[in-house]
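J.: Before I ask anything, here is the structure I am working with.
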Amino acid sequence: MAIITLLSDMGTSDHYVAAVKGAILTQLPAAIIVDISHSIAPFNNMHAAFVLRNAWPEFPVGSIHVIGVNPEADGQTAHLAVRHEGHYFIGADNGIFSLLFDGKPQEAFELTLKLDADHQSFPNKNVFVKAACHLARGGTIEMLGRKTQDLREQVGIRPVVMDGTIKGEVVHIDHYGNVVTNITRPLFESLVKGRDFRISFGRPMHDIKKVHKTYSDVPHGERVAFFGDTGYLEIAVNKGVRGAGGGAAQLLGLQITDAVRLELEVVTRTIARA
């Protein structure tokens, strides 16, 4: 039985997530359901894409990923089933698929399957579950709808490199208050090349001049920069968490979209006259 993952902004204090799971289990009592997250910021495609693109590659080929963020369809927004690198993704064509992969998805199909009359009121349950269960039973994606290549695009925020500086920004703050930027290791290495640098994101007293391998490379309570498992530059405080001294976001006053600059240090040399 294929794995069905769920990602949404529905939270867990209401009945919505349970209703989606119940609908899956009604059709497939042996279904394997994995919650990726239901704490996505409401209607936030960027947040949803960041979380899912760092989770789905870890699942087995054949997994089915249901994206329940901005799920409504209208005259300009279709519901899609996407196949990419052996995985299936089901969601609305609201731009999120352009954020999930490096490039366009390999195949996309506009859902045309027969639905109940009330499907528009809760598409996560009444549309996406039906498509996901069809695939989990071994049904083909081609049976779900007609192939399309005209997907809506949403442009992600990319760092800017100029004059020895990478101008990036905060794209995610995790449960611990760790700050994730959009600066990748390859981009960092292409600029720095062993030279001195500083990472700036507010007051000069908070600047960081070294990238470490992990949190414990610095003493408890010290700020640290390193490349996390996602491949992006992170700023953290060792053993700093919300509610217990504060994580990096709280202690350093950082929020989503705040600027983060990585600058090469200018070395001034004095040439003595003979």
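J.: Can you compute 3J(HN,Hα) from phi for each residue in the stretch 50-63, using the Karplus curve 6.51 cos²θ - 1.76 cosθ + 1.60 with θ = phi - 60°, rounded to whole Hz and x for Gly and Pro?
T.: Using θ = phi - 60°, the values come out as 4, 5, 5, 5, 9, 10, 4, x, 7, 8, x, 4, x, 5 Hz.
J.: Given the C-alpha centroids of the stretch 1-63 and the stretch 138-210, what is the distance between them in whole angstrom?
T.: The two parts, judged by their Cα centres, are 24 Å apart.
J.: Rounded to the nearest 5, what % of DSSP beta bridges with both residues in the stretch 160-264 are antiparallel? Present the calculation step by step, with values, prior to reporting the outcome.
T.: Values: 25 of 28 bridges.
Antiparallel: roughly 90 percent of the beta bridges in the stretch 160-264.
J.: Another question, if that's okay. Suppose the chain between T257 and A18 were pulled fully straight at 0.36 nm per residue; how much longer would it get relative to their current alpha carbon spacing? Before the final figure, lay out each step's value.
T.: Numbers: separation 239, 0.36 × 239 = 86.04 nm, distance 3.27 nm.
Using 0.36 nm per residue and subtracting the Cα-Cα distance, I get 82.8 nm.
J.: Taking loop as defined by DSSP and a crowding limit of 11 other beta carbons within 10 Å, which trypsin sites (Lys or Arg not before Pro) in the stretch 153-221 fit?
T.: On the way: sites: K167, K193, R195, R198, K209, K210, K213; in loops: K193, R195, K209, K210, K213.
Here the trypsin sites (Lys or Arg not before Pro) that fit, given the DSSP loop and packing criteria, are K193, R195, K209, K213.
J.: Could you tell me, in Å, what Rg and Dmax come out for the Cα atoms of the stretch 196-238?
T.: Expressed in Å, the Cα Rg and Dmax of the stretch 196-238 come to 10.1, 27.
J.: Just to be sure I understand the model, the point goes 7 Å from the Cα along the line to the Cβ. What's the resulting K167 to T214 distance in nm?
T.: 3.6 nm
J.: What's the FRET efficiency of T112 with R203 using the Cβ-Cβ distance as r and R₀ = 51 Å, to the nearest 0.05?
T.: Efficiency at R0 = 51 Å is approximately 0.35.
J.: Are any of the pairs K21/K239; K167/K193; K193/K239; K125/K147; K104/K209; K209/K239 more than 26 Å apart by Cα-Cα distance, and if so, which?
T.: Values: K21/K239 35 Å; K167/K193 17 Å; K193/K239 30 Å; K125/K147 23 Å; K104/K209 37 Å; K209/K239 20 Å.
Flagged as over cut-off: K21/K239; K193/K239; K104/K209.
J.: Using only Cα atoms, what Kirkwood radius does the stretch 3-147 have, in angstroms?
T.: The answer is 14.9 Å.
J.: Need one number: % antiparallel among DSSP beta bridges in the chain, to the nearest 5.
T.: 70 percent
J.: Given the convex hull over the Cα atoms of the chain, what projected area results after averaging over all orientations, in nm²?
T.: Working: hull surface 73.7 nm².
Taking a quarter of the hull surface, the average projection is 18.4 nm².
J.: Distance in nm between label sites at I32 and R137, each 7 Å beyond Cα in the beta-carbon direction?
T.: In this crude label model, I32 to R137 measures out at 2.0 nm.
J.: Starting with the highest mean, order 124-133, 3-12 by the number of other Cβ atoms within 10 Å, averaged over the residues of each peptide. If you can, show how the numbers build up before the last one.
T.: Working: 124-133: 23.7, 3-12: 20.0.
Listed from highest to lowest mean packing, they are 124-133, 3-12.
J.: Show me the ranking of peptides 169-178, 97-106 by mean Cβ neighbours inside 10 Å, starting with the highest.
T.: Packing order, densest peptide first, comes out as 169-178, 97-106.
Computed from the coordinates by the stated procedures, all read-outs in this text should not be read as laboratory data. Because the structure is predicted, anything quoted here is derived from the model rather than measured. Positions of Cβ are generated from backbone atoms using ideal geometry, with glycine treated the same way; all protein chains shown enter the neighbour counts.
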